[in-house]
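Beneath this line is the structure, given in structure tokens, with notes to follow.
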Amino acid sequence: MSRRGGEAGAEPVRIAMWSGPRNISTALMRSFDARDDCAVADEPLYAHYLKASGSSLPDHPAHEEIIREHEWDWRLVTRALTGPVPGGLPVWYQKHMAHHLTEGCGKKWILSLTNIFLIRDPAEMITSFIKIIADPTPADLALPQQVELFEWIHSKTGRWPMVVDSRTVLGNPPAVLAAICERVGIPYTQAMLNWKPGPHETDGVWAPHWYQSVYQSTGFAPYKPKNETVPEHLAGVLAECQEFYDTLAEHCLTA
């Protein structure tokens, strides 16, 4: 068995966090970015997703700029994600949106990563998402793709990947982060609890449109119920997403 990151000559630890939008995924990326041994990648398949989907997508902010500024060929992207870690660091945290993994993407490369799934209560996700993109489908929220990928990984490895709920993270960040670190084989450090506010060099060009609350943060904020109602015309979307969420939640970390 190869040694893990942190030892001289060890195999780097590559963490793929598979999320949907509005799931504190950027805050978790900030948390890992605060480590001095970790590189991070911000939604590396976003440009591919936009390029492959064409005009069938709702209007994503900075659509053309994302395709222009980021690599959209999934083969080149995934080759990089499984290659040398930037800066020669022993840990590489890769923040992924599950719906960015289109049907045209190969998936074999995913098996070389340590895969974790990040979920959030669908009603809270939807009421946050529609403030930027109205009238989403379940596929826009990535829950169907999360379940499909989750079950595919199990079929190939015989093991269920780790599942973490955003609310659980916010309820006890040190305990959940320590559990994640233990699962992937790296030491937990309290440095993960705080980060510098504002934009980071590792952010994608879409960040100004989506990351305003993270820009203002310096750590994980305590969980607060949103108490916002999903619009009636999205009741069917909520019901479908809830089924997918419940499937993943059966495997969720408790803290």
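Rundown of residues vs (1) closer than 24 Å to SER166 by Cβ; (2) of a type in the set (Ser, Thr, Tyr); (3) at pLDDT 95 or above; (4) surrounded by fewer than 20 Cβ atoms within 10 Å (Cβ to Cβ), yes/no style:
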| site | (1), (2), (3), (4) |
| --- | --- |
| ALA10 | no, no, no, yes |
| ARG14 | yes, no, yes, no |
| ALA27 | yes, no, yes, no |
| PHE32 | yes, no, yes, no |
| LEU45 | yes, no, yes, no |
| GLY54 | no, no, no, yes |
| GLU65 | no, no, no, yes |
| ARG75 | no, no, yes, yes |
| ARG79 | no, no, yes, yes |
Quick one: count up the residues across segment 210-226 that are closer than 30 Å to GLU65 by Cα and either among the hydroxyl-bearing types (Ser, Thr, Tyr) or surrounded by 13 or more Cβ atoms within 10 Å (Cβ to Cβ) (or both). 9
Among (1) crowded, with 18+ Cβ neighbours inside 10 Å; (2) touching a Phe, Trp or Tyr at 6+ places or on another chain (Cβ under 9 Å); (3) not in a helix (DSSP H, G or I), the one test that ILE186 misses: (2)
Going residue by residue through segment 26-34, is there one that turns out to be more than 21 Å from PRO84 (Cα to Cα), of a type in the set (A, V, I, L, M), in contact with a Ser or Thr (Cβ under 6 Å, 6 or more places away or on another chain) and assigned to a helix (DSSP H, G or I)? no
Lone unmet requirement of (1) touching a Phe, Trp or Tyr at 6+ places or on another chain (Cβ under 6 Å); (2) in a loop (DSSP other than H, G, I, E, B) for TRP160: (1)
Could you look through segment 128-155, keep only residues that are closer than 21 Å to ILE180 by Cβ and hydrophobic (A, V, I, L, M, F, W, C), and pick out the one that is farthest from the chain's Cα centre (by Cα)? ILE153
Search result, residues across segment 69-122 that are in contact with a Lys or Arg (Cβ under 8 Å, 6 or more places away or on another chain) and closer than 30 Å to TYR223 by Cα: VAL91, TRP92, GLN94, LEU101, LEU113, THR114, ILE116, ARG120, ASP121
So which residues in segment 214-243 are more than 17 Å from THR127 (Cβ to Cβ) and not in a loop (DSSP other than H, G, I, E, B)? VAL214, TYR215, GLY219, GLU243
Would you confirm whether any residue within segment 96-109 is out of contact with any Phe, Trp or Tyr (no Cβ under 9 Å at 6 or more places or on another chain), of a type in the set (Asp, Glu) and not in a loop (DSSP other than H, G, I, E, B)? no
Kindly provide the set of residues from segment 102-127 that are touching a residue at least 60 places away in the same chain (Cβ under 8 Å) and more than 16 Å from the chain's Cα centre (by Cα), ordered by number. CYS105, SER112, ALA123, GLU124, ILE126, THR127
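The values are calculated or read from the model by the stated rules, or taken from the named source; none is laboratory data. Just so it is clear, the structure is predicted and the values come from calculations on it, not from any experiment. All Cβ positions, glycine included, derive from the backbone under ideal geometry; neighbour counts span all protein chains shown.
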